[in-house]
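To start, the structure under review is shown below, and the notes come after it.
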Amino acid sequence: MEDFNTSLVREKIIFTSGGIGEETEKEPVVIRSNRIFLRLGQAGETEKIVIRAQNMHTTLRIAAKILHNYYEGGPLLAHTEPLDWETLWDQARSGYEKEFNPQLWCALYINGKSVFKTITSPFVDVIEKCALLTLDNYDTTMGVTESALKQIGHAMRINHNSNGDNIRCGIIHRSDKKDVAFNFTAVNGQQHTRIIQSFGATAAYLEAFNLRFVIHMLRNKIRMGEAKTVSPENSQIRSAITRQSAISRAILSFEEMYDVKYRPAKPDFFSEM
């Protein structure tokens, strides 16, 4: 198997119509998403897969399920029975997310073509088609996309800002108070399985950090009197703590499956912020 590497990128893309200060200038369209790109297969037979989703851990979990289907059944578009994308999407979301984040969304592309989406964004569709022309330098895609939009009657400026989380190198979780940066290595076991499980472990940590923030925020609302002790907020806190426990068990299972080493140290996502 060839070396495998990829990165998860958090993006903010701003689409602006018209010229600055012109009467025709419209309110910019801002798209925030997380994007991961997978190049699967060998030369001449590759499938270029892009997963976009609202949060990082869901993006990784969908990517892990796509990798599992690829390693089990070969190229995704060549499966005897087409993949059930709706079921895959349902399995990638936890019960906690289904209850407390019903607006969670995703969009999947193979070779620039949309294969599944829970929301419609023609701008992102154009970006992914143009990205095929600039596979080795995604940042230049924005310039190509501007030209393509002009040709179909949409004169726009695009601002593209991103920061990435590289699965091979580690995790950087940014917050207002303190950034958490660490990396882990996992050895032993089958390489295909190890890649998929590493996606899952990374997603678990990212979700755990987010849950810690949510719990802290909701507890502050109750403490400040903005929410009652018996309230939807308190119910969400209990559900979030239960979800944290499930994540902790998943990480322990990953550590039992492989020889895992952390640098500088394993993070404590149960600690107070």
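What is the percent carbon and sulfur in the accessible area of region 172-273, measuring with a 1.4 Å probe over the protein chains and ignoring ligands? Before the final figure, lay out each step's value.
Working: 3150 of 5930 Å².
Answer for region 172-273: carbon and sulfur cover 53 percent of the accessible area.
Wrap a convex hull around the Cα atoms of region 181-254, take a quarter of its surface area, and give that in square nanometres. Spell out each step's value before the answer.
On the way: hull surface 23.0 nm².
So the Cα hull casts an average projection of 5.7 nm².
Given R₀ = 35 Å, what would the calculated FRET efficiency be for ALA78 paired with LYS98, taking r from the Cβ atoms and rounding to 0.05?
Values: r = 32 Å, r/R0 = 0.90.
It comes to 0.65.
In whole percent, how big is the carbon plus sulfur part of the accessible area of region 69-114, probe 1.4 Å, protein atoms only?
Here it works out to 45 percent.
Using a cut-off of 9 Å between beta-carbons, work out the net charge of the residues near LEU104 (Lys and Arg +1, Asp and Glu -1, LEU104 not included).
Working: positive: ARG93, LYS98; negative: GLU97.
Its environment carries a net charge of +1.
Please compute the modelled spin-label separation between LYS261 and ASN69, points set 7 Å along Cα→Cβ, answer in nm with one decimal.
If labels sit at ASN69 and LYS261, their model points lie 3.6 nm apart.
For ARG32, what is the net charge nearby, where nearby means another residue's Cβ is under 10 Å from its Cβ and Lys, Arg count +1, Asp, Glu -1?
Values: positive: ARG10, LYS12; negative: GLU11.
Result for the local shell: +1.
Calculate, in nm to one decimal, what GLU45 and TRP105 gain on full extension: separation in residues at 0.36 nm each, minus their alpha carbon distance.
Values: separation 60, 0.36 × 60 = 21.60 nm, distance 2.94 nm.
Between GLU45 and TRP105, full extension yields an extra 18.7 nm.
Using a 7 Å offset from the Cα along the Cα-to-Cβ direction at both VAL187 and ARG249, what is the distance between the two label points in nm, to one decimal?
3.1 nm
The values are calculated or read from the model by the stated rules, or taken from the named source; none is laboratory data. Owing to the predicted nature of the structure, the values given are computational and were not obtained by experimental measurement. Every residue, glycine among them, receives a Cβ derived from its backbone with ideal geometry; neighbour counts consider all protein chains shown. Heavy atoms of the whole protein, side chains included, go into the accessibility calculation; ligands, DNA and RNA do not. Shrake-Rupley method; radii C 1.70, N 1.55, O 1.52, S 1.80 Å.
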